[in-house]
1. Residue by residue, what Karplus-based ³J(HN,Hα) values in Hz, rounded to whole numbers, does the stretch 23-30 have, using 6.51, -1.76 and 1.60 with θ = phi - 60° and x for Gly and Pro?
2. Just to verify a number: FRET efficiency for residue 13 and residue 58, C-beta to C-beta distance, R0 = 22 Å, to 0.05?
3. Step through the table entries 22/52; 22/51; 13/39; 8/52, compare each Cα-Cα distance with 30 Å, and write down the pairs that go over it.
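Please treat every number below as a calculation from the coordinates, not as lab data. Bear in mind that the values here come from a model prediction, so they are computed numbers and not experimental data. Reconstructed Cβ throughout: ideal geometry from the backbone, glycine too, with neighbour counts over all protein chains shown.
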Amino acid sequence: MAKKKSKKEENPKVNPDLEGFKMNINTFGEISSSFSIDKINEFLNKNVEDKKLKDRDDLDEIKNPKKDK
């Protein structure tokens with residue numbers, strides 16, 4: 001008989017900004033997260049290059065808005 005491996009729940013290696021991030025999908029297919037969508041989008045905007053926007057001239061203004069207002 002084959003032995004069953006015990007399943008260890010190890011935390012994956014993640015960016016320090018996303019420490020403690022968990023996602024779950026319930027039986028109805030609804031996604032729940034430990035972070036708000038706004039915080040996730042803010043992280044993605046800072047760290048992931050959008051291929052559709054890479055040729056725009058005003059990209060720097062979008063990513064780093066001036067706080068002179």
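1. 10, 9, 10, 7, 5, 8, x, 7
2. Once rounded, the FRET efficiency stands at 0.05.
3. Where the Cα-Cα span goes over 30 Å, the pairs concerned are 8/52.
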